[in-house]
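Engineer: Quick one: this structure, given as structure tokens, is what I'll be asking you about.
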Amino acid sequence: MLLTSHIPPLVLAIVVAATGVVRAGDDESADAYDIVVVTAVNALPEPLHASFQANLITIKAAAAPAIGPTPESGIPGGDADRHYVFLDAAAGTQASAEDRQRAASAFPHDRREAGRICRQHGREHCGDLPWVIGEQYTALLQVFQGGDQAVILREAGMLLHFATDASLPFHTTRERDGGSLHWAASQATPTNRVHRTVGHRCQIALIREFRGRFEAEVRVWPGRLQRVTDPIESVFEALLCTHEMIEPLVRMDADAATVAGIQSDGASDAAWDAFYRQLSIQAAPIMEARLEAGALLGASLIRSAWLEAGSPRLPMGIAAESAPRTPPAKAETPGGRLVGSRNSTTFHDSGCIHVARIKAENLIVFDSIDAAKAAGRMACQTCKPGGK
């Protein structure tokens, strides 16, 4: 359920980076990509799962974000255009959320036509993400047929990187930063967290702050994988769902700032802690769903490319029979009790499937639903403790 309370107005501002080259971790972080890779690999059928799981480190390395120019840097062209698409390019900077979504729905799926629309509305580049994923699918299909181990792993990892890009809402809009709140974003905030923009806070800092929760909650069951017949159309379908989440995230970000009493980027660490706790309650479920969507897209594309290639035997050197799909060790839980993890804001019945991922040292037990809610916890939407 989306936020329905009154939200203070936002002061939208585009933040332009001072330089064209950024440090990895400033504008991108490996957290989201790692989570999508692990989730996608776990959803793959055999023998793909065993092979990829045995080479997970290699795939993660290929999927990791790279250092380089970003769309915010103002540098046209280049590799940065591969990682985003401005679905709302035809909407003005003052357009409503509804107008932005209509523009996104009408965005051309033809690459040349998209470029024409983009230039017509004052943008030299609108990004190439959907077509890059299509090209990456073709590349993976070809290497499955060719059977080179190292290339298969690299191409699959890169495909999962772009699938993650397609799941991050602020990679789909011309307002890449999501707007600042009530202050001018600072490039020099003396903190280890990334606080500068809504996009950073929701897509990087929130996931980094509660990575344990995201790792526990984000999952895709193998039965959900889809047979992809048109990669580009499948990507656009996913991108439109991703784009719909921008407005709710911006509003939740503003609401969290109000609750935490943050009015400048120089707020105290305690204020930022309160901010992210509040943001996790409202926005984390959306971001969990988006990372699941990225994993589903990536795993479906990998499986479909393998099937289209004729389900070839995996080449020598990729362990096809190793790395069995075993769930993480389950912490001992008192039967019938309510439990949670120190790394999340959710509580579960002790028999919930999600509890299997909670490490023993992170297990928390609650005496009642009221006690769990008093601790700031939300009921798990899978097991629905107490029938709530």
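Engineer: Checking Arg193 against (1) at pLDDT below 70; (2) surrounded by fewer than 17 Cβ atoms within 10 Å (Cβ to Cβ); (3) not β-branched (Val, Ile, Thr), only one condition comes out false. Which one?
Structural biologist: Going through (1) at pLDDT below 70; (2) surrounded by fewer than 17 Cβ atoms within 10 Å (Cβ to Cβ); (3) not β-branched (Val, Ile, Thr) one by one, Arg193 breaks only (2).
Engineer: Let me ask something else about it. Return yes or no: is Pro324 at pLDDT 70 or above, surrounded by fewer than 14 Cβ atoms within 10 Å (Cβ to Cβ) and in a loop (DSSP other than H, G, I, E, B)?
Structural biologist: In short, no.
Engineer: Within the stretch 373-388, can you find the residues that are among the basic types (Lys, Arg) and either modelled with pLDDT under 75 or under 24 Å from Trp221 (Cβ atoms) (or both)?
Structural biologist: Lys384, Lys388
Engineer: Name the single residue that is surrounded by the fewest Cβ atoms within 10 Å (Cβ to Cβ) among those in the stretch 280-301 being over 26 Å from Val228 (Cα atoms) and of a type in the set (A, V, I, L, M, F, W, C).
Structural biologist: Among residues in the stretch 280-301 that are over 26 Å from Val228 (Cα atoms) and of a type in the set (A, V, I, L, M, F, W, C), the one surrounded by the fewest Cβ atoms within 10 Å (Cβ to Cβ) is Ile281.
Engineer: Would you tally the residues in the stretch 213-236 being in a helix (DSSP H, G or I) and modelled with pLDDT of 95 or more?
Structural biologist: Counting residues in the stretch 213-236 that are in a helix (DSSP H, G or I) and modelled with pLDDT of 95 or more gives 6.
Engineer: What number of residues within the stretch 211-251 satisfy the criterion of being within 17 Å of the chain's Cα centre (by Cα) and within 22 Å of Cys380 (Cα to Cα)?
Structural biologist: Total satisfying the criteria: 13.
Engineer: For the stretch 244-266, give me the residue count where each residue is under 20 Å from Phe210 (Cα atoms) and without any contact (Cβ under 8 Å) to a residue 24 or more places away in the chain.
Structural biologist: Qualifying residue count, the stretch 244-266: 2.
Engineer: Further, regarding this structure: Among residues belonging to the stretch 346-372 that are part of a loop (DSSP other than H, G, I, E, B) and under 11 Å from Ala216 (Cα atoms), point out the one that is modelled with the highest pLDDT.
Structural biologist: Ile358
Engineer: Here's something else I'd like to know. On the given criteria, is Ala295 at pLDDT below 95, part of a helix (DSSP H, G or I) and either acidic (Asp, Glu) or under 20 Å from Leu206 (Cα atoms) (or both)?
Structural biologist: For Ala295, the condition - at pLDDT below 95, part of a helix (DSSP H, G or I) and either acidic (Asp, Glu) or under 20 Å from Leu206 (Cα atoms) (or both) - is not met.
Engineer: Check off (1) touching a Gly at 6+ places or on another chain (Cβ under 6 Å); (2) surrounded by fewer than 20 Cβ atoms within 10 Å (Cβ to Cβ); (3) at pLDDT below 90 for Gly199 and give me the number that stays unchecked.
Structural biologist: If we test Gly199 against (1) touching a Gly at 6+ places or on another chain (Cβ under 6 Å); (2) surrounded by fewer than 20 Cβ atoms within 10 Å (Cβ to Cβ); (3) at pLDDT below 90, just (2) comes out false.
Engineer: Name the residues in the stretch 91-110 that are in a helix (DSSP H, G or I), free of Cβ contacts under 8 Å to residues at least 40 places away in the same chain and surrounded by 14 or more Cβ atoms within 10 Å (Cβ to Cβ), would you?
Structural biologist: Asp99, Arg102, Ala103
Engineer: Would you check if Arg208 is in a loop (DSSP other than H, G, I, E, B) and within 23 Å of Val38 (Cα to Cα)?
Structural biologist: Answer is no for this residue.
Engineer: Here's another thing I want to ask about it. Which one of the conditions (1) modelled with pLDDT of 95 or more; (2) out of contact with any Ser or Thr (no Cβ under 8 Å at 6 or more places or on another chain); (3) within 24 Å of Ala309 (Cβ to Cβ) does Gln145 fail to meet, given that it meets all the rest?
Structural biologist: (1)
Engineer: If a residue must be at pLDDT below 95 and β-branched (Val, Ile, Thr), how many such residues does the stretch 298-321 contain?
Structural biologist: 1
The values are calculated or read from the model by the stated rules, or taken from the named source; none is laboratory data. Note that the structure is predicted; figures quoted are calculated from it, not measured. Please note: Cβ atoms are built from the backbone with ideal geometry, for glycine as well, and neighbour counts cover all protein chains shown.
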